[in-house]
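Asker: Dropping the structure in here first, questions after.
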């Protein structure tokens, strides 16, 4: 039996997301300069600019992770049969697109390259794709795993990162995605 292409696309996306969830487990901190005697003890950088390698890894990986979620959601908006699944996919796009911009902006501010979000395209018109309730169930199951990966990455950031803005973003991601996981688990019961 041939696996529909969407299964391969979504499985690959979820697999990459799972791999990214394990990234950033080692923290390399930026060196801290020791002030010269008599020098001011005021910080040379603002709290927004203070960061460590865990913050950078989190932002770079979460941009890629969110881009994958956007690809999955764009497909669901056209392929799902359930209005609730289509609505959820739209909300995921609405929430995560600005977060990608925010994360890219922080990396730019820090002088660190942001990963490209180019190539995130839907596969809605591919022939042989699963559709209807089968698609809805598959999307929900895979997005639950994908969201859990984002929660795990965010928890690692809270434990290892040092930037207050990045910590706040990680907490927002945890709260939003745990709520969406609960919603998706409920939808799976009725689809």
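Asker: Can you tell me which residue within segment 95-112, out of those that are free of Cβ contacts under 8 Å to residues at least 24 places away in the same chain and either under 15 Å from residue 170 (Cβ atoms) or part of a helix (DSSP H, G or I) (or both), is farthest from the chain's Cα centre (by Cα)?
Answerer: Quick first cut of segment 95-112, residues free of Cβ contacts under 8 Å to residues at least 24 places away in the same chain only: 98, 101, 105, 108, 111.
Checking which are either under 15 Å from residue 170 (Cβ atoms) or part of a helix (DSSP H, G or I) (or both) leaves us with 98, 101, 105, 108.
Values: 98: 12, 101: 12, 105: 15, 108: 18 Å.
Among those that are free of Cβ contacts under 8 Å to residues at least 24 places away in the same chain and either under 15 Å from residue 170 (Cβ atoms) or part of a helix (DSSP H, G or I) (or both), it is 108.
Asker: Closer than 27 Å to residue 80 by Cα and either at pLDDT below 95 or assigned to a helix (DSSP H, G or I) (or both): does that describe residue 155? Break it down stepwise before answering.
Answerer: On the way: closer than 27 Å to residue 80 by Cα: no; either at pLDDT below 95 or assigned to a helix (DSSP H, G or I) (or both): yes.
Judged against the criteria, residue 155 is not a match.
Asker: Considering only residues that are touching a helix residue (DSSP H, G or I) at 6+ places or on another chain (Cβ under 9 Å), over 14 Å from residue 184 (Cβ atoms) and surrounded by fewer than 20 Cβ atoms within 10 Å (Cβ to Cβ), which ones fall in segment 72-89?
Answerer: 74, 77, 78, 81 - these are the residues of segment 72-89 that are touching a helix residue (DSSP H, G or I) at 6+ places or on another chain (Cβ under 9 Å), over 14 Å from residue 184 (Cβ atoms) and surrounded by fewer than 20 Cβ atoms within 10 Å (Cβ to Cβ).
Asker: Also: Every residue in segment 116-143 that is within 29 Å of residue 52 (Cα to Cα) and either at pLDDT 95 or above or part of a helix (DSSP H, G or I) (or both), please.
Answerer: none
The values are calculated or read from the model by the stated rules, or taken from the named source; none is laboratory data. A quick note: this is a predicted structure, and the numbers were derived from the prediction, not measured. Using ideal geometry, Cβ is built from the backbone for each residue, glycine included, and neighbour counts are taken over all protein chains shown.
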